[in-house]
Each structure stands twice: as structure tokens, then as C-alpha cells.
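The values are calculated or read from the model by the stated rules, or taken from the named source; none is laboratory data. All of these numbers come straight from a predicted model, not from anything done at the bench. Positions of Cβ are backbone-derived with ideal geometry, glycine not excepted, and every protein chain shown enters the neighbour counts.
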Amino acid sequence: MKRYVILISGRGSNMESLLDAGLPGTCAAVISNRPDAAGLAAAAGRGIAGIAIDHRGFASREEFDAVLADEIERHAPDLVLLAGFMRILTDGFVRRFEGRLLNIHPSLLPAFPGVRTHAQALAAGVRLHGCSVHFVTPALDGGPIIAQAAVPVLADDDADSLARRVLAEEHVLYPRVARWFLEGRLQLADGRARLAGETAACGSLHAPQAD
């Protein structure tokens, strides 16, 4: 059975959606850069190893990433899932896990990379907002897009209300994409996300549907 590792920094709601999805694989560990991350306790409550590696104890980003990468490799994962992991990863780390490192970002990339995406969307006056799952590359939030889900931006939305609706879509979309990978249907090839059975690269915009 394939194995996966989840990286978190906070409460771990996307982590829980992945664990609740009955994925065709074993979660070998949940790792956080913050010892106080609530998601670690949630993972432990499910009998999953929760590991904290506090980035504040390292002299450089490169030093932290090297220790993090070694810990991930200790669990021999086929897939590494960033689920609210609030660290910019070094090029060396990303290349070490190239093709098996996924992230979910709360915007319709390439629009609004980085942070405060919901406030950015409201300030820009867009009519649609959403989330994207992509392969991670050294370019921040710039890796090949696998799938996206959209929500309308309502007239009375603020950043919090918009974030809640986008998060609900994240909880459906990310497990679906993880399932594709663990089933051997999804891969990174020639710089594009390829899904078996599709005639073109992934990256279409859609609302999540039942698997």
C-alpha cells in the first residue's frame, strides 16, 4: 500500500479532510513546523504519528528544510501533501520531492499567489474565486495546476465569509486529487500535470463532484 505524509502549520482542517476521505494509502506521519499546531493533536487522536520540527530552532531556511526532508524520507512516502504548511520551501527541498509534492492554494491560480488571497480577490473585484491543487515547484505557487474549484463572490462577502466557502471546496478537491495520485493516475510529466484517461493536461476549472 502506498504511503503519504502530510505537512501542516495550524489547525489541520485540510489534513482532516484527507484523513476522512478513505484514501487508498496509509498516512505515515503528520509533520508540523509549529509544536503548538492543533492538527498534531488531531492526528495523534487518530493514531497517526505527529511530529513537530520547530523552524525557529534553525539558523537558516536551508538547515530546517534539510532536517525536514530527512524526517519525511524516514517515513518512505510516495506522496507529500502540503496542507496549510506556511513555509516557503527551498529549491533543494522541492527538487528532492519533485513529482510527489502537492499543495492546495486558496485562489484560482495564477491569480493571487502568496497570502491574504481572499482579501486580494475582494480588492480586485473578481466574480469568481476558489482554490487550486498543484504540483510544487521552486516558483512560489507557480507549479503545474492539477485541478481547481470555484465559488461565486457575493455582494455581501467579506474575507472571512469568502474564506469559509472556499475552504469547503478545498476539503472536497484536495482528497480527490490525492486519490488520483495514490491510484497511479496522476503524474508530473514534461512540466505538466497528467491524469490518466484525459486527452489533455489537467487544470480545468470545475466545482467538486462526488468521486
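Taken over region 71-115, the residue count meeting the criterion of being farther than 16 Å from L173 by Cβ, in a loop (DSSP other than H, G, I, E, B) and of a type outside the set (D, E, K, R) is 16.
Scan region 1-30 for residues that are part of a loop (DSSP other than H, G, I, E, B) and either over 20 Å from D54 (Cα atoms) or hydrophobic (A, V, I, L, M, F, W, C) (or both) and the total you get is 7. Checked against the criterion of being surrounded by fewer than 22 Cβ atoms within 10 Å (Cβ to Cβ) and among the hydrophobic types (A, V, I, L, M, F, W, C), region 99-108 contains not a single residue that satisfies it.
Might you check whether a residue that is at pLDDT below 95 and either within 19 Å of F93 (Cβ to Cβ) or more than 19 Å from the chain's Cα centre (by Cα) (or both) occurs anywhere in region 3-21? Within region 3-21, none of the residues are at pLDDT below 95 and either within 19 Å of F93 (Cβ to Cβ) or more than 19 Å from the chain's Cα centre (by Cα) (or both).
Of the residues making up region 146-170, those that are under 21 Å from L82 (Cβ atoms) and surrounded by 19 or more Cβ atoms within 10 Å (Cβ to Cβ) are I146, A147, Q148, A149, V166, E169, E170. The condition of being over 27 Å from A21 (Cα atoms), out of contact with any helix residue (DSSP H, G or I) (no Cβ under 8 Å at 6 or more places or on another chain), at pLDDT 95 or above and of a type in the set (G, A, S) does not hold for A159. For region 42-66, a residue qualifies if it is assigned to a helix (DSSP H, G or I), of a type in the set (G, A, S) and exposed (fewer than 13 other Cβ atoms within 10 Å of the Cβ), and the qualifying residues are A44, G45, G57. Scoring L89 on the criteria (1) surrounded by fewer than 18 Cβ atoms within 10 Å (Cβ to Cβ); (2) out of contact with any strand residue (DSSP E or B) (no Cβ under 6 Å at 6 or more places or on another chain); (3) within 23 Å of G39 (Cβ to Cβ); (4) not polar (S, T, N, Q) leaves a single failure, condition (1). Screening L82 against (1) touching an Asp or Glu at 6+ places or on another chain (Cβ under 6 Å); (2) closer than 26 Å to Q148 by Cα leaves a single unmet condition, (1). The residues of region 127-182 that are assigned to a strand (DSSP E or B) and not hydrophobic (A, V, I, L, M, F, W, C), listed by number, are H129, G130, S132, H134, Q148, P152.
Name the single residue, out of those in region 185-203 being more than 16 Å from V136 (Cα to Cα) and modelled with pLDDT of 95 or more, that is surrounded by the most Cβ atoms within 10 Å (Cβ to Cβ). Ranking the qualifying residues of region 185-203, first place goes to L195.
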